[in-house]
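What follows is one structure encoded as structure tokens, with my remarks underneath.
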2 protein chains.
Amino acid sequence: MKILVSGAAGMIGRKLVERLARDGALGGRKIAGIDASDIVAPTPPPAPFPIRAEAHDIAAGYVAPKMVAGRPDVIFWLASIVSGEAEADLDKGYSINLDGTRFLIEAIRREHLLSGGQWKPRIVFTSSIAVFGAPFPEAIPDDFHSTPLTSYGTQKAICELLLSDFSRRGFLDAVSIRLPTICVRPGAPNKAASGFFSNIIREPLRGLPAILPVDDDVRHHHASPRAAIGFLLHAATMDTAPLGGRRALTMPGVSVTIAEQIEALRRVAGDKAVALIKREPDETIRRIVGGWSRQFETPRAEALGFRAEKDFDEIIRAHIEDEHG
Amino acid sequence: MKILVSGAAGMIGRKLVERLARDGALGGRKIAGIDASDIVAPTPPPAPFPIRAEAHDIAAGYVAPKMVAGRPDVIFWLASIVSGEAEADLDKGYSINLDGTRFLIEAIRREHLLSGGQWKPRIVFTSSIAVFGAPFPEAIPDDFHSTPLTSYGTQKAICELLLSDFSRRGFLDAVSIRLPTICVRPGAPNKAASGFFSNIIREPLRGLPAILPVDDDVRHHHASPRAAIGFLLHAATMDTAPLGGRRALTMPGVSVTIAEQIEALRRVAGDKAVALIKREPDETIRRIVGGWSRQFETPRAEALGFRAEKDFDEIIRAHIEDEHG
């Protein structure tokens, strides 16, 4: 089987390609090769099959036809600019996050028709809980409406609709997975407003201080990078017939308060780690986070076999195993 | 005030321009002129102000900048191809129903910036209950998710998202109104699968036979053309602050079964009219209609001042007054 991964240089894309390289197969089928692309060419990991790394801007209309010309069986469509950048640069956000996907599905449709209807790839699209916007019920149900309050969330919601329609039309076979906040994010602290959810775990585990800008009772919905890769692989191999016309799924996660995150850290790494968390309330971040979703009910994804961690302790242990070796 | 009406040659567009011409004002402000456009130039009614009729294809990128160059205060964005055509011709549907609106909002954004942020038009967009897709609860709530099962519904849902985002960004001030099935549609019977809802009322009122292809217990959500015009005028003049980020509203309507429609016809026009309805079950239409929504709960639109008829008798009387004089 041939696989295409866009956004392969991002945190999730990199981990996905590493996992596919390690497994050598997907859904029981041997992988013949991966095309891994991003705005800068990704660095391929060692693999038992060829990985072709390419630099592509999916906002350019000529790119998608080239990407799909090899008729990959599975397309992991991860390329996207992030929420903050899509808000700061409206043109760039719509070009990459919306037009890029439109170019993809049109290129697939053309190639599908050229194949006499034989080629119909599975698309796994990383959507986001940013498709939802406040005000929220305490727990957000699977059938809650999509009223995003960011351009990023708007673009993700539109891509979900396009992919559902083109699936219904029979040109492709898409699953859109709405990822929770990914925690614990590896790497250096970043400036995303949500960064502290990861910082207060990752930095103390390294013996470094971390700043907590919000109150201890803030609740949020998390999944580990390992769970996210699990979601992607399951979406790539699941039977899509039970999805019917509803191709977008909110992924399960662990809903915890900051206080519960801290107690999990204490259980896993002790009081010394917890003592490295410094409380420095930040009004701007408190206000931003105050408008975020806190909890999701995801019976649909769970019934379809998507699995997140059981609790936040497990999220921390996954981080230690995957990042501290 | 200056007004732009796209789709002005359609049933709703024509009635809207006639109503504006009769009123001479909108929301207490005198109308200085209307630009009325459609794919064929509309025929303007007599009016106390100039009406410029133009033929435009909104799918062409050069059109929207010309349409908004005069900086209209209110834009009624009705132009669209219908559900059946959008399903039969995928390219035409996406070009007109999606790209046309994208061109519009980009042209408005540019003109807004050129005006130094002074010009920020109200957009009234006619969306549709086709943004919803089965399976449905018995009564569909305001916050039910949008999972359309047609390309038309997909395109309307995407336009809602775009208009909400560009409103939030401050370039324009949009209200998307999801119209129920319009009943009683004037004119000749058409081939739309939903045509019978109107046919079984309109034709007997003219003394002509009408075919009923579905069972008497089929329930559906209706509003008269008169109510639809009322929705448009209210959306053009309402305070949009209470909408927050949620610019799309499901319009109220009258939810009745076919049996209740027929009894209303009997009350208004007698047994002789009812006797003109011929039952000719059609499996294809029964199956299509079986997947449709039956009833909506619309507390949000009602709280914001949108009003439909009280009952189906009132819908029939509005039809008689408006079409039979």
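What full-extension length gain, to one decimal in nm, is calculated for residue B:310 and residue B:41 as 0.36 nm per residue of separation minus the Cα-Cα distance?
Details: separation 269, 0.36 × 269 = 96.84 nm, distance 3.58 nm.
Using 0.36 nm per residue and subtracting the Cα-Cα distance, I get 93.3 nm.
In degrees between 0 and 90, to the nearest 10, how far off the longest principal axis of chain B does helix B:225-237 point, with axes built from Cα atoms? For B:225-237 against chain B, the angle is about 30 degrees. Mean separation of Cα pairs under 8 Å and 6+ residues apart, divided by the residue count of chain B: what relative contact order is that in percent? About 16 percent, as a whole number. Ordering B:60, B:72, B:42 by Cα displacement along the dipole of the stretch B:2-102 toward the positive end leaves B:72 in first place; charges were set at the Cβ atoms of Lys, Arg (+1) and Asp, Glu (-1). Taking 51 Å as R0, compute the FRET efficiency from the Cβ-Cβ separation of residue A:295 and residue B:29 and round it to 0.05. Efficiency, from the Cβ-Cβ distance: 0.65. Ignoring aspartates and glutamates fewer than eight residues from residue B:120 along the same chain, the ones with Cα atoms less than 18 angstrom from its Cα are B:35, B:73, B:106, B:111, B:160, B:165, B:173, B:239.
Helix B:258-274 and the long axis of chain B differ in direction by around 70°, with both axes built from C-alpha atoms.
Modelled label positions at residue A:283 and residue B:286, each set 7 Å beyond Cα in the direction of Cβ, lie 6.7 nm from each other.
The separation of the stretch A:129-208 from the stretch B:218-257, counted between C-alpha centres, amounts to 31 Å.
Computed from Cα atoms, the angle from the helix A:195-205 axis to the main principal axis of chain A rounds to 70 degrees.
Between residue A:57 and residue A:188, the modelled label-to-label distance comes to 2.5 nm, taking each label 7 Å out from Cα in the direction of the beta carbon. Residues whose amide H comes within less than 5 Å of that of residue A:178, counting only those at least five positions distant or on another chain, are A:127, A:249, A:250, A:251 (H built at 1.01 Å from N in the peptide plane).
Within straight-line reach of residue A:310, meaning a Cα separation under 24 Å, sit the following lysines at least 8 residues removed in sequence or on another chain: A:15.
Tell me whether the stretch A:212-322 comes out rounded, prolate or oblate; compute the Cα gyration tensor, take square roots of the eigenvalues as a ≥ b ≥ c, and use a/c under 1.5 as the rounded threshold.
oblate
For the stretch B:214-276, the gyration tensor built on C-alpha atoms gives a prolate shape. Its axis ratio a/c (a ≥ b ≥ c) is at least 1.5, and a/b is the larger of a/b and b/c.
Classify the stretch B:37-110 from the C-alpha gyration tensor, please: rounded if a/c falls under 1.5, else prolate or oblate depending on whether a/b exceeds b/c. Oblate, since a/c reaches 1.5 and b/c is not below a/b. May I ask for the distance between the Cα centers of the stretch A:14-64 and the stretch B:1-71, given as a whole number of Å? The distance from the Cα centre of the stretch A:14-64 to that of the stretch B:1-71 comes to 52 Å. Annotation: aspartates and glutamates with alpha-carbon distance below 14 angstrom to residue A:191 (same-chain offsets under eight excluded): A:85, A:282.
Every number here is computed from the coordinates shown, using simple stated rules; none is lab data. Quick caveat, the model's predicted, so the values are computed rather than measured. Cβ: placed from backbone, ideal geometry, glycine included. Neighbour counts: every protein chain shown.
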